[in-house]
Amino acid sequence: GTLRRSCKALMWTLLLIFALLYAAAIAMTDAAVGKCRRRDEFARDQFVCDRFGSLFTSWLTLYEALFGGLDWGHLMDELLKLDPIYPVLFMAFISFGLIVLLNIIIAVCVGVEDETRRQEEERGDPYALDRTARFEAHAQDRLEKVFDKFDMDESGDIGIDEWLYHLEREDIVAEFAHLQIDISDPYGLFELLDTRKTRVLERDNFVLGCMRLKGSANATTLAKLQVKLEHLVDDLYGFFQVAPRSSDGLKVEPTKKGPVMSEGRHKTVGQKMRRSLATQMDSHVASYPELGHPSRSIPDTSLRALTLFELRGIRTEIRDRCSRDWKNLVTGDPLEPEDVDLYAFNFYHLSPRTSVTHCLLSGLDVRPVAIGLSILQRRPPNDRWNSPLAEGIVVEAGNDGTLKVQLRRGKFVSKDLVPGAVVEINGEDFGELAKISAPDSVSFKEIISMTGTKPDWYCCHSWGDSVLNFIACCEEHARLRCLCERTSSYWVCAYANRQHDLEDEISKDDITNTSFFRAMQRAKGVLLFLGLQAKPFERMWCTFEIFKAITSGDGDHQDAKRPGKKNKPLSLDIVTAFRQNNEVHVNLMAEERLPREPLRAKMIREKSFPHHLLVQGMTRNLEDGKCYSDLDKQNIEKFMANGGGPEQLADACKKANQRLHAHFALLSWPFAIENNLVLDFDGDPNNSTVLSLIGMLKEDATRHTLSFSLAHSVGVTSHDIKQVACGLPENLKHLELSFEGCIQVDNSGLQALAEKLPSSITKLHLNLMGCVEISNAGIAWLAWRLSSMSNLEDVRLVCCMCPHLSEGCFVR
């Protein structure tokens, strides 16, 4: 392609040169021929006649004059002997040829080159892309190394103190100069790179931000303007949130705010745009791709997890159908989509849809029943719910009292499960049901998919909480966990189990054969969804799931499918959601740091978790959950006791409760320090129970690993470090503590920590970077204690930016 375009340009250039030479040669030959024919003038003008006597010699002479083969000044002297018009014509030819024609040729060549390069870039020329990729990769590698120089404590992030400290180094300044990044305003550049507003720079933010800014100072200026514009949009967004439209136009009303615990996590414009886009997609995309003829296509219940796309389809379904005639099952009031819980969704949509064709009812009074009559099952007289158990239409009636019914709402139940629930047909009492079956029933997952989906996360939740809030929590959890939106999956019992065939889904003999246990065995972790009332702590099945997550990996409970081997450890993430100003706010707490999340961002995220839910997590006991079936409760308790008796059950529940309370205590500690609640987290003077975080963490005798951070907490003092030290469990083996940037921590806090370190520790990582009050005396106390710990194998101490230390930035 390049050669073809070049040849084409060359042909047009040669044609232009030939035309110019040909026209000038005709004019010069016509002027010279008349003189050369006269012999008396031929001898006197022999040079002119030799050069311009014929068309060919004229063309050749002009060609030589144009391209340097002949001195055109000498030709001008000879042409002055002719008429004055011809020297002027010759000068015009030379001027046009040298100034215009040659520039046109150069422009054509440059244009061919530019067009060739552009087309190569468009079609992805491997050589051009390879050159660009090598350049970008080289710049990215250099930035990765620069980040490692900043992040000397290997925490995965750069705080403002580290940023200012290292920008004074000559090698760092040289690296930024090489990339042509302006560092004259370090605070402004830090704010520019901190796109997530966590006040720390993560590796990806630093590298990608610097790649965007490299090249010139103008790029930095434009980026600053972009950030300021985003802040302005944020302010406008907040204004319109509190300025709802009314019939009279815009009216600003003050918002009622509840007790604010701490600074919430700043939401960027991008996050809000993504949420808005998701809402718009919900309104335009089909709720979910229902199959034409649902069948029992996924026999393994543990493979019936739902993807985020399928969960969003449920949200669309609720928004579309709720506005018609859905009512609160208890009060009978109209339901808003945000108030729909799983009980209502199951009654109005899930149960009728999964019955597929019909239900068979037997055991009723033998009477003639006409086809097409309405049938309903009322709740027992003492039931507080306002809705019936089920509604349907009779499609076929047998002589023995058996009815074939098309289910429209709810689910028919036998008298063994709900005594006193009578069936009425056209207003007449037909007694109680003895048996119900739905031979074609399927799970909700099998309605929308024919292939199984392995669960990434197992969801532990209550049916009494908002479905839309639950789906929002799953979306935010997937985003914070950096899960792929197309493949991330969540196992939810309501959508995975066949609601009309629960006896086959839930084994009555062994808890390890239930769909719940098998799904948790496949999942990577358990996502505990706590509504405002923390109802999962009141349900025995939920407390079983929490128990399984808390004790996973312990030697006391082994894998039932692989005797002699431990269950794999399960992560336990705790999430909640509440609505404010028509927007869902999701809070997530996880003991470990999330992917690509700096310690500072983790602390900011978790400080906004509702205080009363943390109190619930520290006061509830797992064995206190309620269960509708006594047999189910017995099987769950048998699993908790690992097959033992009451003593083993009490011991196992005690250890699990200690682990659960310590889990919540660790998550609550940063907030407790800010509000002086470490010694009594409840903070209620009327409550005689004292919730000491120190005591709860200390009592967790089964804990062997502890990773804890108070990094960049300006209010943390040595007294707070002493409290942390007093709470360290005695059987710890791996301990990682970070007090980076705690400027009020001094030698007394370090001494107290050294004295309380458990002797069982084999691995210790301690980050004291930026603790400006630490001196050699404190490090000496720590070194003395470490020397007496015989089990210690791995020690890492980071103490950069501590001006009172005499030598060394960090010690391994």
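Any chance you could count how many residues in the range 717-734 are out of contact with any Pro (no Cβ under 8 Å at 6 or more places or on another chain) and either in a helix (DSSP H, G or I) or within 29 Å of R620 (Cβ to Cβ) (or both)?
12
Quick one: L483 ticks every box in (1) assigned to a loop (DSSP other than H, G, I, E, B); (2) touching a Ser or Thr at 6+ places or on another chain (Cβ under 8 Å); (3) among the hydrophobic types (A, V, I, L, M, F, W, C) bar one, so which box is it?
Exception for L483: condition (2).
Only one residue in S295, S355, S374, S323 is of a type in the set (S, T, N, Q), more than 31 Å from the chain's Cα centre (by Cα) and open to solvent by less than 30 Å² (accessible area, probe 1.4 Å). Which one?
Being of a type in the set (S, T, N, Q), more than 31 Å from the chain's Cα centre (by Cα) and open to solvent by less than 30 Å² (accessible area, probe 1.4 Å) holds for just one of S295, S355, S374, S323, which is S355.
Exactly one condition in (1) assigned to a helix (DSSP H, G or I); (2) touching a residue at least 40 places away in the same chain (Cβ under 8 Å) is not met by D320; state its number.
Just one mismatch for D320, condition (2).
Could you grab me the full set of residues in the range 670-690 that are of a type in the set (D, E, K, R), touching a helix residue (DSSP H, G or I) at 6+ places or on another chain (Cβ under 8 Å) and over 12 Å from D720 (Cβ atoms)?
The answer is D682, and nothing else.
For the range 168-181, name all the residues that are over 31 Å from the mean Cα position of the chain (by Cα) and not small (G, A, S).
Within the range 168-181, E168, R169, E170, D171, I172, V173, E175, H178, Q180 meet the criteria.
Pairs, please: C-beta under 6 Å, at least 6 apart or cross-chain, first residue closer than 11 Å to I425 by Cα and in the range 366-382, second open to solvent by 50 Å² or more (accessible area, probe 1.4 Å) and modelled with pLDDT of 90 or more?
L376/E391
Under 6 Å between Cβ atoms, at least 6 apart or on separate chains: pull out the pairs that start in the range 302-316 with a residue that is at pLDDT below 95 and of a type in the set (V, I, T) and end on any residue that is assigned to a strand (DSSP E or B) and open to solvent by less than 10 Å² (accessible area, probe 1.4 Å).
The qualifying pairs are T307/S489.
So which residues in the range 326-345 are in a loop (DSSP other than H, G, I, E, B) and surrounded by 19 or more Cβ atoms within 10 Å (Cβ to Cβ), if there are any at all?
The answer is W326, L329, L335, V340.
Would you please name the residue that is most open to solvent (accessible area, probe 1.4 Å), looking only at residues in the range 486-508 that are among the acidic types (D, E) and assigned to a helix (DSSP H, G or I)?
Checking each candidate, the answer is E503.
Within the bounds of the range 396-404, is there any residue that is over 25 Å from D465 (Cβ atoms) and among the hydrophobic types (A, V, I, L, M, F, W, C)?
Yes, there is a match, as at least one residue in the range 396-404 is over 25 Å from D465 (Cβ atoms) and among the hydrophobic types (A, V, I, L, M, F, W, C).
Among the listed residues E597, E583, identify the single one that is open to solvent by less than 60 Å² (accessible area, probe 1.4 Å) and over 16 Å from the mean Cα position of the chain (by Cα).
None of the other options fit; the residue is E583.
Six or more apart or on different chains, Cβ atoms under 6 Å: show the pairs whose first residue is in the range 135-155 and at pLDDT 80 or above and whose second is open to solvent by 60 Å² or more (accessible area, probe 1.4 Å) and in a helix (DSSP H, G or I).
F147/R203
Identify all residues within the range 466-479 that are under 17 Å from H349 (Cβ atoms) and not small (G, A, S); write none if there are none.
Within the range 466-479, V467, L468, F470, I471 meet the criteria.
Out of (1) within 30 Å of M450 (Cα to Cα); (2) modelled with pLDDT under 90; (3) hydrophobic (A, V, I, L, M, F, W, C), the odd one out for V413 is which?
(2)
Looking for whichever is among the hydroxyl-bearing types (S, T, Y), on the phi < 0 side of the Ramachandran plot and open to solvent by less than 20 Å² (accessible area, probe 1.4 Å) here; the options are S58, S95, S54. Which one fits?
S58
Out of the residues in the range 435-469 meeting the condition of being within 20 Å of L594 (Cβ to Cβ) and aromatic (F, W, Y), tell me which one is surrounded by the most Cβ atoms within 10 Å (Cβ to Cβ).
Applying the filter and picking the extreme gives Y458.
Consider I761 carefully, then state whether it is open to solvent by less than 70 Å² (accessible area, probe 1.4 Å) and part of a loop (DSSP other than H, G, I, E, B).
yes
Does E623 fit the bill of being open to solvent by 50 Å² or more (accessible area, probe 1.4 Å) and within 31 Å of the chain's Cα centre (by Cα)?
Criteria not met by E623.
Any residue that is assigned to a loop (DSSP other than H, G, I, E, B), open to solvent by 60 Å² or more (accessible area, probe 1.4 Å), within 14 Å of S718 (Cα to Cα) and not small (G, A, S) - is there at least one of those in the range 735-751?
yes
For the range 595-647, list the helices (runs of 4 or more DSSP H) that sit wholly inside it and hold at least 2 residues that are at pLDDT below 85, touching a strand residue (DSSP E or B) at 6+ places or on another chain (Cβ under 8 Å) and under 30 Å from S713 (Cβ atoms); which are they?
Here the list reads 599-607.
Filter the range 571-580 down to the residues that are open to solvent by less than 20 Å² (accessible area, probe 1.4 Å) and not charged (D, E, K, R), then identify the one that is nearest to L706 (Cα to Cα).
Only one residue fits best here, namely L572.
Only one of (1) closer than 19 Å to L502 by Cβ; (2) part of a strand (DSSP E or B); (3) under 43 Å from the mean Cα position of the chain (by Cα) is not met by E391, so which one is it?
All conditions pass for E391, except number (1).
Out of everything in the range 509-540 that is open to solvent by less than 10 Å² (accessible area, probe 1.4 Å) and in a helix (DSSP H, G or I), what residue ends up being modelled with the lowest pLDDT?
Within the range 509-540, the match that is modelled with the lowest pLDDT is I511.
Give the residue, chosen from L697, L710, L691, that is buried (at least 21 other Cβ atoms within 10 Å of the Cβ), without any contact (Cβ under 8 Å) to a residue 60 or more places away in the chain and out of contact with any Lys or Arg (no Cβ under 7 Å at 6 or more places or on another chain).
Going through L697, L710, L691 in turn, just one is buried (at least 21 other Cβ atoms within 10 Å of the Cβ), without any contact (Cβ under 8 Å) to a residue 60 or more places away in the chain and out of contact with any Lys or Arg (no Cβ under 7 Å at 6 or more places or on another chain): L697.
Residue check: is L782 in a helix (DSSP H, G or I), hydrophobic (A, V, I, L, M, F, W, C) and either touching a Cys at 6+ places or on another chain (Cβ under 9 Å) or open to solvent by 60 Å² or more (accessible area, probe 1.4 Å) (or both)?
Judged against the criteria, L782 is not a match.
The values are calculated or read from the model by the stated rules, or taken from the named source; none is laboratory data. Here the structure is a predicted model, which means the values were calculated and not measured. So basically every Cβ, Gly included, is an ideal-geometry build from the backbone, and we count neighbours across all protein chains shown. Accessible surface is based on the protein model in full, side chains and every heavy atom, while ligands, DNA and RNA are left aside. Shrake-Rupley method; radii C 1.70, N 1.55, O 1.52, S 1.80 Å.
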